[in-house]
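Asker: First the structure, then my questions, so here it is.
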Amino acid sequence: MAAWCLVLCLSFSVAAQSGKMVKVKGGEYLSFFKKENNKPVNVKPFYLGETAVTNAEFREFVKQNPSWRKSKVNRLYADSNYLKHWSADLSFSSSLAQSPVVNVSWFAAAAYCKWAGARLPSVAEWELAAAGKPQHIPFPSLTDYVLNWYKRPNPKQLPPVKSAYKNEYGLYDMHGLIWEWTFDFNSFISKGDSRGNADDELKAFCAAGALDVNDKNDYAGYLRFSYRGSLKGNFCIENLGFRCAKNL
Amino acid sequence: MKTIILSILIIGLISCSESESATAKKQCCSAPKKQAAAAAAIDTSQSLYSIDASFTNQNNQTLQLRSFSGKPVVMGMIFTHCGYACPKLTADIQSIEKQLGEHKNDVHYLLVSFDVERDDPKQLRAFAKTYGLDENFSLLHGDEDAVRMLSVLLNVQYEKDADGNFSHSNLVSVLDEYGNLVFRKEGLGADHSETVKAIEALLHRKA
């Protein structure tokens, strides 16, 4: 009886920490950049957070893991902008409680998901989930919606989660609210040839770039991949947060 | 109009990342300064030896990165099924060892595999034998989280392809005896005279 409760109660509390998760059907994901063999990657079905992790949720994690307090965090894992919108180690304006946590590094995001019994989604998983059909958006296509969002400046105060749109999987705000960390954001972004040097990265974004992508009209994808390519693991940025994923 | 805005955005992103990497170079790639008085004043707050991730070497021993403290470390990330780049990167590191001459045993040489599925200790041992790596070399296998975390810390890009091989950048990193990243050089068959100089500076600092 006790063991039964332990298992059930434990899985319940983990679910509470990682927030509500919804199932995303797997599929074939064709990398944004063209590879030599150009074969799509098979993505297995997985769970993904219904929303991004909020300030309130992240505060629980910081409470229980003091090494992630902004006064204590190691600069190797988070730069000086870490949680800069929080007024102190465990406090922020109450109006931000339900807004996505931002100014968090990749290391902090990965540590949070691990603590919550989950993990960060891969680029392939994230892109597949984010391509889900939107419900009720005032634009002819998701691409138009995304480009319209990309060109607007960041709002002074981030709106709460669920304020953008819901997609066919039941995921909220995959676009329209923040950018999100992925487990393998530092994936090699040029052709599938390991001979490549650092120059390939520049080639991919300058003149030769247009020749090497699978869908030349995917401006939004182009921006997302250049954004990811410019990140380092300890960067904390005011429009970059995360959500967690889990295997089925 | 939209295209113009987007172009500006793209240019902005590129110039950001370029100037960022330039700054990063300035921070990490200059040889240690003030060699004489350095030992007492070395800041270890950003040492890579704070990471707890476990790795297994080619002799099946479990260890952490900090197991290599006390000597400078020259490190590369590879996978053994790699046809061209990884043997070349391995050869680059071997040539660094050779150039260090009488000091070659004062340095650890690490090769960490991207291939968490296929590069078990046995496979790594076979690779070491094939390429004639001496006992100064440690070939490390880790789980996916450990390897990805190390790649992020070293700023090595890699991606697993649909065929199970890896696309990756080629980078040689140098850590000082405390685990601070002090030098990095990108490319294959690169001129590693600066790398050797950086290691020698560390060895002299210690002496």
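Asker: Check whether at least one residue in region A:95-102 is under 22 Å from A:Gln157 (Cβ atoms) and part of a helix (DSSP H, G or I), and report yes or no. Reasoning before the result, please.
Answerer: Keep residues of region A:95-102 that are under 22 Å from A:Gln157 (Cβ atoms), which gives A:95-102.
The next check asks that each one be part of a helix (DSSP H, G or I); those that pass are A:95-96.
Yes.
Asker: While we're here: Which of the residues belonging to region A:217-235 are more than 10 Å from chain B (Cβ to nearest Cβ) and over 13 Å from the mean Cα position of the chain (by Cα)?
Answerer: Correct list: A:Asn217, A:Asp218, A:Gly221.
Asker: Filter region B:162-207 for residues that are of a type in the set (Lys, Arg) and more than 23 Å from A:Asn186 (Cα to Cα) and give the result.
Answerer: If the condition is that a residue be of a type in the set (Lys, Arg) and more than 23 Å from A:Asn186 (Cα to Cα), then B:Lys197, B:Arg205, B:Lys206 are the ones that fit.
Asker: How many of the residues making up region A:59-74 are within 14 Å of another protein chain (Cβ to nearest Cβ), surrounded by 12 or more Cβ atoms within 10 Å (Cβ to Cβ) and in a loop (DSSP other than H, G, I, E, B)?
Answerer: 3
Asker: Could you please give the count of residues in region B:128-174 that are within 7 Å of chain A (Cβ to nearest Cβ) and in contact (Cβ under 8 Å) with a residue 40 or more places away in the chain? I'd like the intermediate steps shown before the answer.
Answerer: Step one: list which residues in region B:128-174 are within 7 Å of chain A (Cβ to nearest Cβ), which gives B:148, B:151-153, B:155, B:157-159, B:161-163, B:166-170.
Right, trim to in contact (Cβ under 8 Å) with a residue 40 or more places away in the chain and you get B:151, B:153, B:155, B:158, B:166, B:168, B:170.
Qualifying residue count, region B:128-174: 7.
Asker: Kindly indicate the residue of region A:109-125 that is in contact (Cβ under 8 Å) with a residue 60 or more places away in the chain and assigned to a helix (DSSP H, G or I) and also nearest to A:Cys236 (Cα to Cα) among those meeting that condition. Step through it out loud before you land on a result.
Answerer: First, the residues of region A:109-125 that are in contact (Cβ under 8 Å) with a residue 60 or more places away in the chain: A:109-110, A:112-113, A:115-125.
The next check asks that each one be assigned to a helix (DSSP H, G or I); those that pass are A:109-110, A:112-113, A:115, A:123-125.
Working: A:Ala109: 10, A:Ala110: 13, A:Tyr112: 15, A:Cys113: 17, A:Trp115: 20, A:Val123: 19, A:Ala124: 22, A:Glu125: 22 Å.
Step by step, filter region A:109-125, then rank; the result is A:Ala109.
Asker: Okay, moving on. Taking the criterion of being aromatic (Phe, Trp, Tyr), away from chain B (no Cβ under 13 Å) and over 24 Å from B:Val152 (Cα atoms), would at least one residue in region A:149-170 satisfy it?
Answerer: Looking only at region A:149-170, we keep the residues that are aromatic (Phe, Trp, Tyr), and these are A:149-150, A:165, A:169.
Remaining after also requiring away from chain B (no Cβ under 13 Å): A:165, A:169.
Subsequent filtering for residues that are over 24 Å from B:Val152 (Cα atoms) retains A:165, A:169.
Checked region A:149-170: at least one residue is aromatic (Phe, Trp, Tyr), away from chain B (no Cβ under 13 Å) and over 24 Å from B:Val152 (Cα atoms).
Asker: Moving on. State whether one or more residues within region A:36-53 are modelled with pLDDT of 95 or more, more than 15 Å from the chain's Cα centre (by Cα), closer than 25 Å to A:Lys162 by Cα and surrounded by fewer than 19 Cβ atoms within 10 Å (Cβ to Cβ).
Answerer: yes
Asker: How about region B:167-191: which of its residues are surrounded by fewer than 21 Cβ atoms within 10 Å (Cβ to Cβ) and under 20 Å from B:Lys88 (Cα atoms)?
Answerer: The answer is B:Arg184, B:Lys185, B:Glu186, B:Gly187, B:Leu188, B:Gly189, B:Ala190, B:Asp191.
Asker: Could you list, in sequence order, all residues of region B:157-179 that are farther than 16 Å from B:Tyr109 by Cβ and in contact with a Phe, Trp or Tyr (Cβ under 9 Å, 6 or more places away or on another chain)?
Answerer: Scanning region B:157-179 gives B:Gln157, B:Tyr158, B:Glu159, B:Lys160, B:Asn165, B:Phe166, B:Ser167, B:His168, B:Ser169, B:Tyr178.
Asker: Which numbered condition in (1) more than 22 Å from A:Lys84 (Cα to Cα); (2) away from chain B (no Cβ under 14 Å) is the only one that A:Phe139 fails?
Answerer: Of (1) more than 22 Å from A:Lys84 (Cα to Cα); (2) away from chain B (no Cβ under 14 Å), only one is false for A:Phe139: (2).
Asker: Counting only residues that are of a type in the set (S, T, N, Q), at pLDDT 95 or above and closer than 22 Å to B:Ala198 by Cα, how many does region B:106-162 have?
Answerer: 3
Asker: Out of everything in region A:115-161 that is among the small types (Gly, Ala, Ser) and touching a Leu at 6+ places or on another chain (Cβ under 7 Å), what residue ends up being surrounded by the most Cβ atoms within 10 Å (Cβ to Cβ)? Lay out the reasoning, then the answer.
Answerer: Here is the first cut: in region A:115-161, the ones among the small types (Gly, Ala, Ser) are A:116-118, A:122, A:124, A:129-132, A:141.
After this cut, where a residue has to be touching a Leu at 6+ places or on another chain (Cβ under 7 Å) as well, the list is A:129, A:132.
Working: A:Ala129: 23, A:Gly132: 18.
Here the residue is A:Ala129.
Asker: Could you tell me whether any residue of region B:114-123 is within 13 Å of another protein chain (Cβ to nearest Cβ) and crowded, with 21+ Cβ neighbours inside 10 Å? Write out each step before concluding.
Answerer: At the first step, the residues of region B:114-123 found to be within 13 Å of another protein chain (Cβ to nearest Cβ) are B:114-116.
Filter once more, keeping what is crowded, with 21+ Cβ neighbours inside 10 Å: B:114-115.
For region B:114-123, residues within 13 Å of another protein chain (Cβ to nearest Cβ) and crowded, with 21+ Cβ neighbours inside 10 Å: present.
The values are calculated or read from the model by the stated rules, or taken from the named source; none is laboratory data. Please read all numbers here as calculations on a predicted model, not as lab measurements. Every residue, glycine among them, receives a Cβ derived from its backbone with ideal geometry; neighbour counts consider all protein chains shown.
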